[in-house]
């Protein structure tokens, strides 16, 4: 094998559509995803930096989008945070059976419950464990630590900006699928260029 | 072939930590999208296996090149087996292969 053959080809994808996430809407990652070709395995490997951060940014984007949550979207948000249906139902003060029916689409989540759900999923993206956060809401003695990226001021601004004024859209065209585009913001000044200390965020919301 | 129980527990803790939001943002994850599509397994399923699964084999626990086999359940209780390799010092994990148990595949179908 020549030296050339040992080198894997790496390319940055300008707009990578993630269709393996299981999301019930379109998700495009801009100028952030690398694809490495491995000649030994004859496969392309997709490289998503800070995968968990990307999922959290997507959850936040959907939580603040006014379109009413569909059943598959509720399931996606719950799975993205790694929360059991029973825990979430308890927090929303509904039965696990009702939540299950909402997720399958045979029932609709009330506006009040949907607001609670949106608030929770948004907040949970700033915590290490959404399950621990749910437990803490029930039992104050349970420890739930925010991640290093959690800033109270950011949370406060987000709640003011999005949730206190949120009007859930219940009428929309099914022909217009939701599409979220995420970009990776560069590292703050002073951070070593060798470290990827950036952060995922929504560039715009299209519906 | 496999490592002793204690190192495997260490590895599992590390992997669970990797799957949590507290991981360093330079930690990353590589996968073959064709493999996932073919097996109808989502990235969230893979993450759930990392979060809750157990490392059942590890040929190396430190440094790049370690090959691990992780078994765990997805959100619907299906058992998945993921083969991963740690390919760099900056904690880049590559998903080499993932399988769902045949019985589970039939149940899900």
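The values are calculated or read from the model by the stated rules, or taken from the named source; none is laboratory data. Fair warning: this is a prediction, and the values are worked out from it, not measured in the lab. So basically every Cβ, Gly included, is an ideal-geometry build from the backbone, and we count neighbours across all protein chains shown.
Observations on the structure shown:
- Members of the range B:83-95 found to be closer than 16 Å to residue A:48 by Cβ and either in contact with a helix residue (DSSP H, G or I) (Cβ under 6 Å, 6 or more places away or on another chain) or at pLDDT 80 or above (or both), listed by number: B:84, B:94, B:95
- Contacts under 8 angstrom Cβ, first residue in the range B:25-48 being facing chain A (nearest Cβ under 7 Å) and under 22 Å from residue A:38 (Cα atoms), partner in a helix (DSSP H, G or I) and modelled with pLDDT of 95 or more, 6 or more apart: none
- So residue A:30, is it farther than 14 Å from residue A:76 by Cα, at pLDDT below 90 and surrounded by fewer than 19 Cβ atoms within 10 Å (Cβ to Cβ): no
- From the options A:106, A:72, residue that is surrounded by fewer than 17 Cβ atoms within 10 Å (Cβ to Cβ), modelled with pLDDT of 95 or more and not in a helix (DSSP H, G or I): A:106
- Which numbered condition residue A:90 misses (of (1) under 18 Å from the mean Cα position of the chain (by Cα); (2) farther than 20 Å from residue B:50 by Cβ): (1)
- Filtering A:15, A:112, A:80 for residues that are under 30 Å from residue A:168 (Cβ atoms) and in a strand (DSSP E or B) leaves a single hit, A:15.
- Filtered by the rule that a residue be without any contact (Cβ under 8 Å) to a residue 24 or more places away in the chain and touching a strand residue (DSSP E or B) at 6+ places or on another chain (Cβ under 9 Å), the range A:161-185 gives a lone residue, A:185.
- Of all residues in the range A:103-115, those that are farther than 22 Å from residue A:162 by Cβ and in contact with a helix residue (DSSP H, G or I) (Cβ under 6 Å, 6 or more places away or on another chain) total 4.
- Hey, residue B:98 assigned to a strand (DSSP E or B), within 14 Å of another protein chain (Cβ to nearest Cβ) and modelled with pLDDT of 85 or more or not: yes
- Selection of the range A:48-64 for residues being touching a residue at least 40 places away in the same chain (Cβ under 8 Å) and either farther than 29 Å from residue B:31 by Cα or in a helix (DSSP H, G or I) (or both) yields A:53, A:54, A:56, A:57, A:58, A:59, A:60, A:61, A:62, A:63, A:64.
- Pick from the range A:18-46, criterion facing chain B (nearest Cβ under 9 Å) and touching a helix residue (DSSP H, G or I) at 6+ places or on another chain (Cβ under 7 Å), ranking: nearest to residue B:29 (Cα to Cα): A:46
- When residue A:47 is tested against the conditions (1) farther than 18 Å from residue B:47 by Cβ; (2) touching a strand residue (DSSP E or B) at 6+ places or on another chain (Cβ under 7 Å), the lone failure is (1).
- The one condition from (1) surrounded by fewer than 21 Cβ atoms within 10 Å (Cβ to Cβ); (2) within 14 Å of another protein chain (Cβ to nearest Cβ) that residue A:83 does not meet is (1).
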